[in-house]
Amino acid sequence: MHCLGGIKSNVQEIIEEMKLQRESPQTTSASTLQTTGQYDSDNYTAKSSMDSPDINKVGSRIYIVMLSIIVGLGGLIFGFDIGTLGGMLDLPSFKMTYGDDLSSITPRFLGTTKGILVGTSSIGGCLGGLITMHIVPPLGPRSTIFLGAISYICGDLVVLFAQVWIQVVVGRILNGCAFGIFCVSCPMLISDLAPINIRGRLVSLFQMMVTMGITIGAPV
């Protein structure tokens, strides 16, 4: 009986040690995430200097929220373009300048031309998103957003001085490249700036800005 009691106590000690070994990595990783904001997933390590105890202060949190709103303005530009495009194609002055349907008494666009004017922005967005994957690692999201802003300004200038509708298409492609860059880089930068406990809410600001841009642009 004494031997059985000793074996039982040894088994219980082994089980308790296994439980401690199983729980300790989880506790360590959780505490590390809460205090430093460092994580390692799929060989990618992201470190956020903002995930510190000072971030719980009201002033620090307001600063991060304001930065996130400013970065999210890239989504506002994207949404505004979506909201204004349909009305722009039906403007009499726009059709008078760029309309290509010569068989009509009043200037207007062919159906194919309208489709090209609308669809080229999406093509540019696809190209911008693919380009962003290669320029974010060496440059970082902030510099990438700056390049997207340059692309958007160049596209607007091309459309502003366009003489024929094909030049408008070129400007729309440049605008679309900017939108693709914004849609990738802006949420990425917000997630880098935001602390863990409010990161999801701040990243969703970008989508809210897109919706706001559509709402503002539609009546215009």
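Once region 167-216 is narrowed to residues that are without any contact (Cβ under 8 Å) to a residue 24 or more places away in the chain and among the polar types (S, T, N, Q), the residue that is farthest from T84 (Cα to Cα) is N197. Within region 134-157, residues that are over 17 Å from F78 (Cα atoms) sit with their Cβ atoms under 6 Å from residues that are at pLDDT 90 or above and surrounded by 15 or more Cβ atoms within 10 Å (Cβ to Cβ), at 6+ positions apart or across chains, in these pairs: I135/T144; V136/T144; P141/S185; P141/M188; P141/L189.
Residues in region 66-89 that are farther than 22 Å from G119 by Cβ and either within 16 Å of the chain's Cα centre (by Cα) or modelled with pLDDT under 85 (or both): L67, S68, I69, I70, V71, G72, L73, L76.
The values are calculated or read from the model by the stated rules, or taken from the named source; none is laboratory data. Note that the coordinates shown come from a computational prediction; the quantities given were computed from them, not determined experimentally. Glycine also receives a Cβ, built like all others from the backbone with ideal geometry; neighbour counts cover every protein chain displayed.
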